[in-house]
Amino acid sequence: MSQKKFWFGKKKQVDSQSDLTEDNIPRHVAIIMDGNGRWARRRGLPRVAGHHSGMKNVKKITIAADDIGVEILTLYAFSTENWKRPQDEVDYLMSLPQEFFPLEIEELIEKNVRIRMTGWKEGVPGHTLEAVENAIERTKHNTGLILNFAFNYGSRKEMTEAMRAMVRDVQLGKLKPEDITEEEYSNRLQTSGLPDPDLLIRTSGELRISNFMLWQLAYTELWFTDLYWPEFSENHFFEAIREYQNRVRRYGGL
Ligand code: IPE
Ligand code: IPE
Ligand code: MG
């Protein structure tokens, strides 16, 4: 991986970052940012207050990831199943990009972060899309960390659509059935062009994947914490990275 950053020499260093091994940083970290609602309830606040607090946590973890040299940070922000929630909660979640990007974009640009979205535009309100597309446009030439929001994303829909695209190509004679490969399939997924996640973090104590990157997680290291997303700090992030560094990835070999 690229050694573009010399974070060991940085002045402002979070304690638990200093013992990370520089040459074994996961390239792609994905996070299921869960537990906003329960975090709020525990404080006697409405669920949306938890979403707001969760949003505030995004920049902090993005910068922590960037500091140690992570190349891609994918954040699961809204699933294709989250539309089932009460309309007022959905509306609030759809308003967050408009709040988040104007607030944080300058600093993200300063950090050379590039915004990307994985998911479907269909069904997402125009004002939400506008905020996301504006951020993508403004950061499209940046060459640093890719901050990839999985927004209106669901893995089964993604895989079904990839399958449909492949069948169509076969019907059109562009692809022979015998030429269907893992690579051809991957290229038709929303994550085309991105390496698979090396590390998946899920907050909130739930031990499940919830329709997130089922194909891409085939050999991803999984790390779960009981902490709710709004209380997940840089040091917790580095703790996950440290544990990742102690794992042996065998990919079925020895
Ligand atoms: C995660 O927090 C954010 C989204 C799913 C949008 P939740 O809203 O799922 O919070 P809990 O799991 O109900 O506590
Ligand atoms: C997963 O969390 C989706 C996001 C974090 C965006 P959910 O809260 O929707 O997952 P379940 O319903 O507990 O499986
Ligand atoms: Mg949840």
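Please treat every number below as a calculation from the coordinates, not as lab data. Since we're looking at a predicted model, the values are computed, not measured. All Cβ positions, even for glycine, are placed from backbone atoms using ideal geometry, and neighbour counts span all protein chains on display.
The share of Cα pairs per 10 Å bin across segment 135-254, counted from zero up to the longest distance, runs 10, 31, 34, 19, 5, 0 percent. Both radii were evaluated on the Cα set of segment 207-254; the Rg over Rh quotient, with Rh as the Kirkwood radius, amounts to 1.01.
Would you mind ranking TRP229, TRP215, TRP223, TRP39 so that the residue whose beta carbon has the fewest other beta carbons within 10 Å leads the list? Mind showing how you got there, number by number?
Numbers: TRP229 28, TRP215 15, TRP223 19, TRP39 24.
Fewest-to-most ranking of TRP229, TRP215, TRP223, TRP39: TRP215, TRP223, TRP39, TRP229.
For the chain, compute Rh as the Kirkwood radius over C-alpha pairs and then the Stokes-Einstein diffusion coefficient at 10 °C and 1.306 mPa s; write the answer in µm²/s, rounded to an integer.
Working: Rh = 19.3 Å.
Translational D for this selection: 82 µm²/s.
Using the alpha-carbon positions of segment 158-213, Rg (one decimal) and Dmax (whole number) come out as 14.8, 47 Å.
Where nothing but the Cβ of Lys and Arg (+1) and of Asp and Glu (-1) is charged, how large is the charge dipole of the chain around its Cα centre, in debye to the nearest 20? Please report the intermediate quantities before stating the final value.
Numbers: 35 positive and 38 negative charges, 53 e Å.
It works out to roughly 260 debye.
If you take the Cα centroid of segment 166-219 and the Cα centroid of segment 36-110, the two points sit 24 Å apart.
Convex hull over the Cα atoms of segment 48-111, averaged projected area in nm²? Quarter of the Cα hull surface area: 4.8 nm².
According to the Cα-based calculation, Rg over Rh for segment 134-178 is 1.19, with Rh computed by the Kirkwood formula. Note on segment 12-82: Cα-only Rg and Dmax are 14.8, 44 Å. A dipole drawn for segment 25-71 from +1 and -1 charges on Cβ atoms has a positive end, and of ALA49, ILE32, THR62 the residue lying farthest that way is ALA49. Taken over the C-alpha atoms, segment 76-216 has Rg and Dmax values of 16.9, 50 angstrom.
For segment 26-156, compute the orientation-averaged projected area of the C-alpha convex hull (one quarter of its surface), in nm². Please report the intermediate quantities before stating the final value.
On the way: hull surface 32.4 nm².
Over all viewing directions, segment 26-156 projects a mean Cα-hull area of 8.1 nm².
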